[in-house]
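Student: Sharing a structure with you now.
The values are calculated or read from the model by the stated rules, or taken from the named source; none is laboratory data. Please read all numbers here as calculations on a predicted model, not as lab measurements. Positions of Cβ are generated from backbone atoms using ideal geometry, with glycine treated the same way; all protein chains shown enter the neighbour counts. When the accessible area is computed, the model is the full protein with side chains, heavy atoms only, and any ligands, DNA or RNA have been set aside. Shrake-Rupley method; radii C 1.70, N 1.55, O 1.52, S 1.80 Å.
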Amino acid sequence: MIDPAAFCEEAVARLRHDVPGKVIVAASGGIDSTTAALLTEQALGDRARSIFVDTGLLRAGEVARVSEFFRASGLTFEVVPAAERFLKVLDGVADPEEKRRRIGETFIRLFEAEADRFGTDRLVQGTIAPDWIESGGALRDTIKTHHNVGGLPKDMRLKLVEPLRDLYKDEVRAVARHLGIPAAERQPFPGPGLAVRVSGPVTADRVRQVRVANAIVEEEVERAVAAGTLGRPWQYFAVLLPVRTVGVTGDNRVHGAAVSVRIVESVDAMTATAMEVPRALLARISERITRELTGEVVRVLYDVTDKPPATIEWE
Ligand code: XMP
């Protein structure tokens with residue numbers, strides 16, 4: 001484990017050395033990029049501009065929540081609305097790697113435009129060690145293309161600055177705590193957002209459905225954690241599956257979708273264990289999802305697979 005104070009001092013010095021002019025920062029609201037953004041702001045002051053992109057693939061209430069989180073962290077930031085643009089490039093795309101490629105490309109084109117406006121060609125990202133290890137390199141197979149690594153277009157004009165690239169998740173959390181970032185215990189959320197929680201084709205409608213289901217899983221798990229009936233999981237979320245299944249609503253048979261609930265324990269996301277959770281919690285989640293998405297989702301499953309052999313996300 002690193003010494004957070006020493007790491008921050010070194011990272012700030014390195015940023016000042018590596019970035020002679022201005023820089024923009026890709027801030028997703030996650031712990032990694034918020035930590036990278038704060039370090040950059042400490043190093044460069046108003047020569048740094050942090051940008052939060054509203055991709056339309058965010059969780060319910062996320063823009064407001066992230067804005068509040070940045071304010072509480074003391075970060076200066078700007079929100080760029082881009083929901084329509086992302087949903088358009090993803091419409092009907094089902095292949096997980098193709099989703100990541102398109103999302104990565106759309107992010108970079110947006111950041112290139114923002115960088116031009118701000119007068120820089122440098123972009124700070126909160127990439128951490130598992131992101132590039134899992135994205136494959138000379139000696140590794142690609143497990144998944146993390147959108148902020150392998151998903152980058154080849155002709156990208158921006159030079160990347162990655163102050164956290166040697167850290168693991170628990171080390172980033174220690175650094176975040178040291179910087180006074182609040183609620184550092186918040187669960188990780190993948191950069192490609194709900195697009196990788198919609199297994200199969202992405203459509204605005206399917207993104208809406210998984211957003212509703214995901215909010216229910218988060219609310220119910222957090223309620224159970226607060227009540228002391230569940231330890232805090234590493235991650236807990238819903239995935240909309242690409243199957244049609246038969247259900248009954250009132251007197252009618254409906255052909256609807258299925259949702260998988262994933263609740264895992266982990267230390268650094270490199271391995272994970274499907275959590276043993278109270279049956280009553282799952283029953284409540286299932287009841288709410290099928291009621292709040294009546295006629296749309298008719299079946300709820302619990303994913304009992306560890307990582308490996310599965311990954312944490314479905315895609
Ligand atoms: P997996 O699914 O590979 O995920 O076991 C490991 C951790 O990384 C998150 N994750 C991502 N984060 N871009 C990200 O920024 C991505 O493309 C991505 N894919 C997975 C995942 O939520 C878990 O915490």
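Student: Measuring from label point to label point, each 7 Å out along Cα→Cβ, what is the Arg244 to Lys154 span in nm?
Tutor: 3.9
Student: Something else about it: So if R0 is 51 Å, what FRET efficiency would Ala227 and Arg85 give, r being the distance between their Cβ atoms, rounded to the nearest 0.05?
Tutor: 0.80
Student: Ranked from highest to lowest mean number of other Cβ atoms within 10 Å per residue, what is the order of the peptides 253-260, 112-119?
Tutor: 253-260, 112-119
Student: Using only helices, what value at 222 nm comes out for the chain when you add -39,500 (n - 2.57) per DSSP H run of length 4 or more and divide by the total residues, to the nearest 500 deg cm²/dmol?
Tutor: It comes out at -13000 deg cm²/dmol, rounded to the nearest 500.
Student: Where both residues lie in segment 197-302, what percent of DSSP beta bridges are antiparallel, nearest 5?
Tutor: 70
Student: Then there is this: Short version: ³J(HN,Hα) in whole Hz for each residue of segment 57-72, in order, from phi by Karplus 6.51 cos²θ - 1.76 cosθ + 1.60 (θ = phi - 60°), x for Gly and Pro, what are they?
Tutor: Result, ordered by residue: 10, 8, 6, 4, x, 5, 4, 5, 5, 5, 4, 5, 4, 4, 4, 5 Hz.
Student: Work out, step by step, the length gained on full extension between His17 and Glu219: first 0.36 nm times the residue separation, then minus their alpha carbon distance; give nm to one decimal.
Tutor: Going from the current span to full extension adds 68.3 nm.
Student: Okay, moving on. Determine, from the Cβ-Cβ distance of His255 and Ala5 and an R0 of 51 Å, the FRET efficiency 1/(1 + (r/R0)^6), rounded to the nearest 0.05.
Tutor: 0.30
Student: Per residue, how much accessible area does segment 163-315 show when a 1.4 Å probe rolls over the protein heavy atoms, in square angstrom?
Tutor: 44
Student: Under a crude label model (7 Å from the Cα following the beta-carbon direction), how far is Glu265 from Asp306 in nanometres?
Tutor: 1.1
Student: Equivalent-ellipsoid semi-axes (√(5λ), Cα gyration tensor) for segment 4-179, whole Å, largest first?
Tutor: Here the semi-axes work out to 24, 19, 17 Å.
Student: Now a separate question. Express the carbon and sulfur contribution to the solvent-accessible surface of the chain as a percent, rounded to the nearest whole number, probe 1.4 angstrom.
Tutor: About 52 percent, which is the carbon plus sulfur part of the accessible surface.
Student: For the chain, max minus min Cα coordinate along each principal axis, in Å, sorted largest first?
Tutor: Largest first, the chain extends 68, 41, 41 Å along its Cα principal axes.
Student: Which net charge results for the neighbourhood of Arg157, defined as the other residues with beta-carbon distances under 13 angstrom from its beta-carbon, given Lys and Arg at +1 and Asp and Glu at -1?
Tutor: -2
Student: Which angle between 0 and 90 degrees, to the nearest 10, do you get for helix 96-118 versus the longest principal axis of the chain when only C-alpha atoms count?
Tutor: So the inclination is approximately 40 degrees.
Student: What is the total of Lys pairs in segment 4-179 with C-alpha atoms under 19 Å apart, excluding same-chain pairs fewer than 8 positions apart?
Tutor: Final tally of qualifying lysine pairs is 6.
Student: Around Ala257, under 9 Å between beta carbons, what's the net of Lys plus Arg minus Asp minus Glu among the other residues?
Tutor: Summing Lys/Arg as +1 and Asp/Glu as -1 gives +2.
Student: Follow-up question, since we're still on this one. What does the charge count near Thr127 come to, summing +1 for each Lys or Arg and -1 for each Asp or Glu among other residues with Cβ under 9 Å from its Cβ?
Tutor: Summing Lys/Arg as +1 and Asp/Glu as -1 gives -2.
Student: Next question, about the same structure. Relative to the first principal axis of the alpha-carbon coordinates of the chain, what is the inclination of helix 279-292, with its axis defined by its Cα atoms, in degrees from 0 to 90 and to the nearest 10?
Tutor: That helix lies at roughly 90 degrees to the long axis.
Student: Also, quick follow-up: Could you sort Glu171, Glu10, Glu287, Glu97 by accessible area so the largest value comes first, with the probe set to 1.4 Å?
Tutor: Descending order: Glu10, Glu287, Glu97, Glu171.
Student: About its Cα centre, how strong a charge dipole does the chain have in debye, to the nearest 20, once Lys and Arg get +1 and Asp and Glu get -1 at the Cβ?
Tutor: With Lys and Arg at +1 and Asp and Glu at -1, about 520 debye.
Student: Cα-based Rg (one decimal) and Dmax (whole number) for segment 215-315, in Å?
Tutor: Cα radius of gyration and Dmax of segment 215-315 are 14.3, 47 Å respectively.
Student: May I ask for the angle, rounded to the nearest 10°, between helix 4-18 and the longest principal axis of the chain, with both axes built from Cα atoms and the value confined to 0 to 90°?
Tutor: That works out to roughly 60 degrees.
Student: Also, quick follow-up: In nm, to one decimal, how far is the modelled label at Thr203 from the one at Gln187, with both set 7 Å along Cα→Cβ?
Tutor: Label at Thr203, label at Gln187, 2.7 nm between them.
Student: How do 21-34, 193-206 rank on mean C-beta neighbours within 10 Å, highest first?
Tutor: Most protected by this proxy first, the peptides run 21-34, 193-206.
Student: Using a 1.4 angstrom probe with every protein chain in place, what is the largest-first accessible-area order of Met275, Met270?
Tutor: Descending order: Met270, Met275.
Student: Would you work out the relative contact order for the chain, in percent, from Cα pairs under 8 angstrom that are 6 or more residues apart?
Tutor: With pairs under 8 Å counted, the relative contact order is 16 percent.
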